[in-house]
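The values are calculated or read from the model by the stated rules, or taken from the named source; none is laboratory data. Everything numeric in this text was worked out from a predicted model, so none of it was measured. Heads up, the Cβs are rebuilt from the backbone with ideal geometry, glycines too, and the neighbour counts pull from every protein chain shown. Ligands, DNA and RNA are excluded from the accessible area calculation, which covers all protein heavy atoms including side chains. Shrake-Rupley method; radii C 1.70, N 1.55, O 1.52, S 1.80 Å.
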Amino acid sequence: MTEPVIALDNVHLTLGSGASTVHVLKGMSLEIDAGQSVGIVGPSGSGKSTLLMVLAGLERIDSGTVSVAGAKLNAMSEDQAAAFRGRNIGIVFQSFHLIPNMTALENAAVPLELAGHPDAFEIAARELKAVGLEHRMTHYPGELSGGEQQRVAIARALAPSPKILIADEPTGNLDTATGRQIADLLFQTQREYGLTLVLVTHDSALAGRCDREIRVRSGRIEADGSDKPATPHIVAVNP
């Protein structure tokens, strides 16, 4: 039996201290197979975005285990987790998080440069071309539309060839038509690269496009549509 690419076992996480302490994740357990697309939904404050940050090693859990691509993230130091994330996990945020004084090409090359990759700009240019921005490589974020900025963010996330793509409200700052184009790009990319895609969204239609939909409420998994039939490309990745 194939091991899941993501596995959480009885994960607890609290944030804040004293009277402001909030128990955000309450004994959460979850497994996600390689090549699967998973939509995480739930009301504001339910813990869904925190769950993504835990999967990326950006939040340290209090107890439980977090295994990603065969490695235990919670056993790593911050530096080890950052290096592991750089090799295995691409992240796309709602607010793009581009560096304003860098061009699209320079932004897309950042994770590769940090990793000391000798072909950083060549690979970044290839990924920008793949998301339809070959004509915008020398433009700065302030010269790009919201949809174009999100495409740069996707190219940046894909440049290190990650196994997992995590997206936190990737269409949240975009108009309906542009959001649909970005969603199409994410799913197309997932199919072509054979990635595992995990996204948080308030958009039920976007979540419904995933192979599996997980509903989170009050720090717990309320429903898990894990019996939804896999799409053909998923079968091909995981026979």
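Distant-in-sequence amide contacts of Ile91, defined by a placed amide H-H separation under 5 Å and a gap of 5 or more residues or a different chain, comprise Ile166.
Is the stretch 33-156 best put as rounded, prolate or oblate by its Cα gyration tensor, with a ≥ b ≥ c the root eigenvalues, rounded for a/c under 1.5, and otherwise prolate when a/b is larger than b/c, oblate when not?
prolate
Rolling a 1.4 Å probe over the protein chains gives Ser49 an accessible area of about 40 Å².
Pairs of Cα atoms nearer than 8 Å and 6+ residues apart set the relative contact order; for the stretch 1-120 it is 23 percent. In sequence order, the stretch 97-111 has phi-based couplings of 6, 8, 8, x, 9, 10, 5, 4, 5, 5, 4, 5, 7, 3, x Hz under the Karplus curve 6.51 cos²θ - 1.76 cosθ + 1.60, θ = phi - 60°, and Gly or Pro positions carry x.
If we sort 30-40, 70-80, 108-118 on the protection proxy, mean other Cβ atoms within 10 Å, highest first, what's the order?
Going by the mean number of other Cβ atoms within 10 Å, highest first, we get 30-40, 108-118, 70-80.
The string of couplings for the stretch 4-19 from the Karplus curve (6.51, -1.76, 1.60, θ = phi - 60°) is x, 6, 10, 9, 10, 10, 6, 7, 10, 8, 10, 10, x, 8, x, 5 Hz, one whole number per residue in order, with x for Gly and Pro.
Computed from Cα atoms, the angle from the helix 176-193 axis to the main principal axis of the chain rounds to 80 degrees.
With an 8 Å Cα cut-off and a minimum separation of 6 or more residues, compute the relative contact order for the chain in percent.
Result for the chain is 27 percent.
Across the stretch 94-151, the mean sequence separation of Cα contacts (distance under 8 Å, 6 or more residues apart), normalised by length, yields a relative contact order of 45 percent.
With a ≥ b ≥ c taken as the square roots of the eigenvalues of the C-alpha gyration tensor of the stretch 91-197, please select rounded if a/c is under 1.5 and otherwise prolate if a/b is larger than b/c or oblate if it is not? Cα axes put the stretch 91-197 in the oblate bin.
Distances between placed amide hydrogens fall under 5 Å for Ser37 paired with Leu197, Asp211, Arg212, all partners being 5 or more residues away or on another chain.
For the chain, the longest principal axis of the C-alpha atoms and the axis of helix 146-158 are separated by about 70°. A cut-off of 5 Å between modelled amide H atoms, ignoring neighbours fewer than 5 places along the same chain, links His97 with no other residue.
Counting only DSSP beta bridges with both residues in the stretch 93-232, the antiparallel share comes to about 45 percent. Report, in whole Å, the centroid distance computed from the Cα atoms of the stretch 151-224 and the stretch 86-139. Each part reduced to its Cα centre gives a spacing of 18 Å.
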